[in-house]
1. Mean separation of Cα pairs under 8 Å and 6+ residues apart, divided by the residue count of region 3-167: what relative contact order is that in percent?
2. Between helix 3-17 and the chain, what is the angle of the helix's C-alpha long axis to the longest principal axis, kept within 0 to 90° and rounded to the nearest 10?
3. What does the charge dipole of the chain about its Cα centre add up to, to the nearest 20 debye, if the Cβ of each Lys and Arg holds +1 and the Cβ of each Asp and Glu holds -1?
4. Just to confirm the number: angle between the C-alpha axis of helix 127-142 and the first principal axis of the chain, 0 to 90 degrees, nearest 10?
5. Quick check: the distance between the Cα centres of region 132-178 and region 17-74, to the nearest angstrom?
6. Can you list residues from other chains, or at least 5 along the same chain, whose modelled amide H is less than 5 Å from the amide H of ALA64?
7. Compute the long axis of helix 69-80 from its Cα atoms, compare it with the longest principal axis of the Cα atoms of the chain, and write down the angle in degrees, 0 to 90, nearest 10.
8. Can you tell which of ASP144, ASP154, ASP101 shows the greatest fluctuation in a Gaussian network model of the chain with Cα springs below 10 Å?
Amino acid sequence: MNTNAVADAVRRVTTTITSLSDDQARGASRLPGWTRGHVVTHLARNADAMRNIVEGAIAGEERAAYPDGAEGRAAAIEAGAGRDAAVLVADFESSQHALDDAWARTPDDAWTRTGVWLLTGRMPVVESLRVRRRELLVHWIDLDLGVSPSELPDDFVAADRDWLQEQRTRATWPDAPW
């Protein structure tokens, strides 16, 4: 996985949310109980989590993505979900920029160092690229702003088909081609 695939996913999300209105931000996403504001806030906090892992590797420390655990993650998402659309978008963009900067500063030997992901535990920092791309692309669809699962990149669907079939069933994505 290279940073170009992540940059493409960032571009897709950014293009979709740039013109987000306050009403749209407060509207329902495809995820039960989450507004679009929840989804955009989650993407911003996920970038912060990935950055924390990457910066830990740069410093020679193993860090947890979410130091306050699942409860802290949920509280941060809930706290940010109701913000104005412009604030949500600016938060997403600044958190992604900070993650991109951390990746750019990562020395070659740090990519194999480990961080601790919330759901999967210890993994090498290089996995942050794959994980971030998945988060961006899946939640791009979850925003429910006119983008369908058929617009996902073919290489992503091929690589993550099993995960997608488990995590995005017909109940969440009725228009999924799998």
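What follows draws every value from the coordinates through simple rules; no lab data is involved. Nothing here was measured: the structure is a model prediction, and the numbers come from that model. Reconstructed Cβ throughout: ideal geometry from the backbone, glycine too, with neighbour counts over all protein chains shown.
1. The value is 31 percent.
2. Helix 3-17 sits at roughly 30 degrees to that axis.
3. Computed charge dipole of the chain: roughly 200 debye.
4. Its long axis makes an angle of about 10 degrees.
5. One Cα centre to the other: 18 Å.
6. VAL116
7. 50 degrees
8. ASP154
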